[in-house]
Amino acid sequence: MKIVFFGSGAFGLPTLEAIADGHSLLAVVTQPDRRAGRGGKLTPTPVAAWAETNAPGVPIYKPERVNDPEIRDAIRAHNADAWVVIAFGQKLSADLLADRFAINLHASLLPRWRGAAPINAAIIAGDTETGNSVITLAERMDAGLVLGQSRQTIERTRTAGELHDLLAADGPALVLDVLARHADGTLDPVEQDESAVTVAPKIGRADTRVSLSDPADAIRRRINGLSPRPGVTLIHRGKPLKILRADSQQADMDAPPGTITDAAEGLVACARGSALRLLEVQPAGKRPMPWADYARGRSVQPGETLEEGAAP
């Protein structure tokens, strides 16, 4: 099949690679280069960087406004059988989409977790399962017809970064299956149940705050659901300590919330007889490390405390 790919983030790279390997990639549409890093160097999106290296000769469009008439007409001029949209970052207008078969890969089991941060939201909410959905594009965000889904288990200590990579790797098989069924006319579109819709808005600074007076399980889910970025930061010995992975358990303890009750195991007292178990941390200016290495290197003792940190 002849495909035009719309995408910007790394989530779409495995699927883009699979399309380029097994189909005819006519064009790539991505966000413009942005300044990044300490030097403010203009940096292409992950999709643009991949295409520039691995798809020589394939046109790459980097529009500020994809729906501008000249951009719209240039993209539509490609005689594609399908458009694949993954983490592109701009809404495609009805004029751009008119009479085109366009599909979107979304990292949730729609209608659960429409919106910008479905992976984070699933972990923070305590979902035990999530997955990918391939949908048609619709006027309302992530409200299209469901053409296919795949599923992944969310383990207790799985982080958002790990789940992102799992779902990204799961995307190619699902997208290619939908494209194949489109080609042979066997797609069976399913309408989403509007009564079951939940929304996952973009993560903000306030979302990175935790209260150690809350039950440990809620804190565990927020830590893992925001790891590695933007991350939850606590204060230990007056210095910021990013918590990258945690578990939780019930514990018979009377210590005030935030008290380290077992330094070797990383147990921290929380509400209602619960304890947070720190598994992986990152001190400011250092690399990520297991809690056990951090505690041993700094001779952390029971009775020390962790305090709630400011949002990074």
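Every number in this text was worked out from the coordinates using simple rules, so none of it is lab data. Keep in mind the model is a prediction, meaning the values are calculated, not measured. Counting neighbours? That spans all protein chains shown, and the Cβs are built from the backbone with ideal geometry, glycine included.
Identify, please: which residue in region 245-273 is buried (at least 18 other Cβ atoms within 10 Å of the Cβ), among the hydrophobic types (A, V, I, L, M, F, W, C) and touching a strand residue (DSSP E or B) at 6+ places or on another chain (Cβ under 9 Å) and is, among those, farthest from L306 (Cα to Cα)?
A251
Which residue pairs have Cβ atoms under 8 Å apart, sit 6 or more places apart or on different chains, and have a first residue in region 71-98 that is more than 29 Å from P201 (Cα to Cα) and a second that is of a type in the set (A, V, I, L, M, F, W, C) and part of a helix (DSSP H, G or I)?
Filtered contacts from region 71-98: I75/L96; R76/L96; D81/A183.
Give region 99-113 a look and list any residue that's closer than 27 Å to A160 by Cα and touching a residue at least 40 places away in the same chain (Cβ under 8 Å), or say none. Steps first, answer last, please.
In the first step, residues of region 99-113 are kept if they are closer than 27 Å to A160 by Cα; the result is 103-113.
Result: I103, N104, L105, A107, S108, L109, L110, P111, R112, W113.
Of everything in region 177-206, what is without any contact (Cβ under 8 Å) to a residue 40 or more places away in the chain and under 24 Å from the mean Cα position of the chain (by Cα)? Give them in sequence order.
D177, G204
Which helices (runs of 4 or more DSSP H) sit wholly inside region 40-136 and have at least 1 residues that are basic (K, R) and either out of contact with any strand residue (DSSP E or B) (no Cβ under 6 Å at 6 or more places or on another chain) or more than 30 Å from T153 (Cα to Cα) (or both)?
Values: elements: 46-54, 69-76, 94-97, 118-124.
Where helices (runs of 4 or more DSSP H) fall fully within region 40-136 and carry at least 1 residues being basic (K, R) and either out of contact with any strand residue (DSSP E or B) (no Cβ under 6 Å at 6 or more places or on another chain) or more than 30 Å from T153 (Cα to Cα) (or both), they are 69-76.
Just to be sure before I move on: is A246 not in a strand (DSSP E or B) and not charged (D, E, K, R) in the structure I sent?
Working: not in a strand (DSSP E or B): no; not charged (D, E, K, R): yes.
The answer is no for A246.
Among the residues that make up region 159-172, is at least one of them among the small types (G, A, S), over 30 Å from V281 (Cβ atoms) and in contact (Cβ under 8 Å) with a residue 60 or more places away in the chain?
The initial filter retains those residues of region 159-172 that are among the small types (G, A, S), namely 160-161, 168-169, 171.
From the residues that got through so far, the ones that are over 30 Å from V281 (Cβ atoms) too are 171.
Then drop every residue that is not in contact (Cβ under 8 Å) with a residue 60 or more places away in the chain, which leaves 171.
Within region 159-172, one or more residues are among the small types (G, A, S), over 30 Å from V281 (Cβ atoms) and in contact (Cβ under 8 Å) with a residue 60 or more places away in the chain.
Being touching a residue at least 60 places away in the same chain (Cβ under 8 Å) and surrounded by 22 or more Cβ atoms within 10 Å (Cβ to Cβ) is the filter; apply it to region 120-134 and report the residue that is nearest to the chain's Cα centre (by Cα). Working first, answer last.
Here is the first cut: in region 120-134, the residues touching a residue at least 60 places away in the same chain (Cβ under 8 Å) are 120-126.
Filter once more, keeping what is surrounded by 22 or more Cβ atoms within 10 Å (Cβ to Cβ): 120-123.
Details: N120: 6, A121: 9, A122: 10, I123: 11 Å.
Ranking the qualifying residues of region 120-134, first place goes to N120.
Identify, please: which residue in region 1-34 is among the β-branched types (V, I, T) and under 18 Å from D81 (Cβ atoms) and is, among those, surrounded by the fewest Cβ atoms within 10 Å (Cβ to Cβ)? Write out each step before concluding.
First, pick out the residues of region 1-34 that are among the β-branched types (V, I, T): 3-4, 15, 19, 28-30.
Narrowing further to those that are under 18 Å from D81 (Cβ atoms): 3-4, 15, 19, 28-29.
On the way: I3: 22, V4: 25, T15: 24, I19: 24, V28: 25, V29: 26.
My answer is I3.
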